[in-house]
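Enquirer: Below are the structure tokens for one structure; questions will follow.
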Amino acid sequence: MSGQAIDAFQQALGRSLPTYYLRFLRDGQEGMRGEQVLLYGADSLMERNATYDTALACPGYITIGDDSGGRAVMLALDGMDRVVYLVGHGSMQRDDFERVADDFHAWLAADCPLD
């Protein structure tokens, strides 16, 4: 896991990533989870968030993965809200978010279920 990539992404965001999510990135836990979820590593976060125009479409959130079917996995940047959301790549609006889990770490421990 590239610490330089994490630092570059935070610099591009103009803010720090939530501490709980930084631990996930530094532990190198990215990759496929369950049957459908792909969680991005630090080396692809900047490119994926730029591609999906996340900062403009969903200020205060980041795209951390996808469901291999056209929906982005989203987290809030405030660090207080650990809720995991899904949103279609074609709609990328906060009003269209679907709550998947109340806590990122519990969701990881359960192997990232989407239903």
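The values are calculated or read from the model by the stated rules, or taken from the named source; none is laboratory data. This structure is a prediction, so every number in the text was calculated from the model and none was measured. Glycine gets a Cβ as well: all are built from the backbone with ideal geometry, and neighbour counts include every protein chain shown.
Enquirer: For segment 17-34, which positions are of a type in the set (Ser, Thr, Tyr) and free of Cβ contacts under 8 Å to residues at least 24 places away in the same chain?
Expert: To start, the set of residues in segment 17-34 that are of a type in the set (Ser, Thr, Tyr) comprises 19-21.
Matches in segment 17-34: none.
Enquirer: Can you find a residue that is in contact (Cβ under 8 Å) with a residue 60 or more places away in the chain and of a type in the set (Asp, Glu) anywhere in segment 70-84?
Expert: Taking every residue of segment 70-84 in turn, at least one turns out to be in contact (Cβ under 8 Å) with a residue 60 or more places away in the chain and of a type in the set (Asp, Glu).
Enquirer: Could you identify the single residue in 82, 71, 94 that is modelled with pLDDT under 95 and in contact with a Gly (Cβ under 9 Å, 6 or more places away or on another chain)?
Expert: On the way: 82 fails: in contact with a Gly (Cβ under 9 Å, 6 or more places away or on another chain); 71 fails: modelled with pLDDT under 95.
Testing whether each residue is modelled with pLDDT under 95 and in contact with a Gly (Cβ under 9 Å, 6 or more places away or on another chain) leaves just 94.
Enquirer: A follow-up question, please. For residues in segment 23-40 being assigned to a loop (DSSP other than H, G, I, E, B) and modelled with pLDDT of 90 or more, which is farthest from residue 79 (Cα to Cα)? It would help to see each step written out before you state the result.
Expert: We begin by selecting, within segment 23-40, every residue assigned to a loop (DSSP other than H, G, I, E, B); these are 27-30, 34-36, 40.
The next check asks that each one be modelled with pLDDT of 90 or more; those that pass are 36, 40.
On the way: 36: 25, 40: 18 Å.
So the residue we want is 36.
Enquirer: Okay, next question. Can you tell me which residue in segment 41-59 is surrounded by the fewest Cβ atoms within 10 Å (Cβ to Cβ), limited to those that are free of Cβ contacts under 8 Å to residues at least 40 places away in the same chain and assigned to a loop (DSSP other than H, G, I, E, B)?
Expert: Checked segment 41-59; the qualifying residue surrounded by the fewest Cβ atoms within 10 Å (Cβ to Cβ) is 59.
Enquirer: All but one of (1) of a type outside the set (Gly, Ala, Ser); (2) crowded, with 18+ Cβ neighbours inside 10 Å; (3) assigned to a helix (DSSP H, G or I) hold for residue 17; which doesn't?
Expert: Failed condition: (3).
Enquirer: Here is a follow-up. Looking only at residues in segment 60-115 that are farther than 19 Å from residue 45 by Cα, in a loop (DSSP other than H, G, I, E, B) and among the acidic types (Asp, Glu), which one is farthest from the chain's Cα centre (by Cα)?
Expert: Step by step, filter segment 60-115, then rank; the result is 115.
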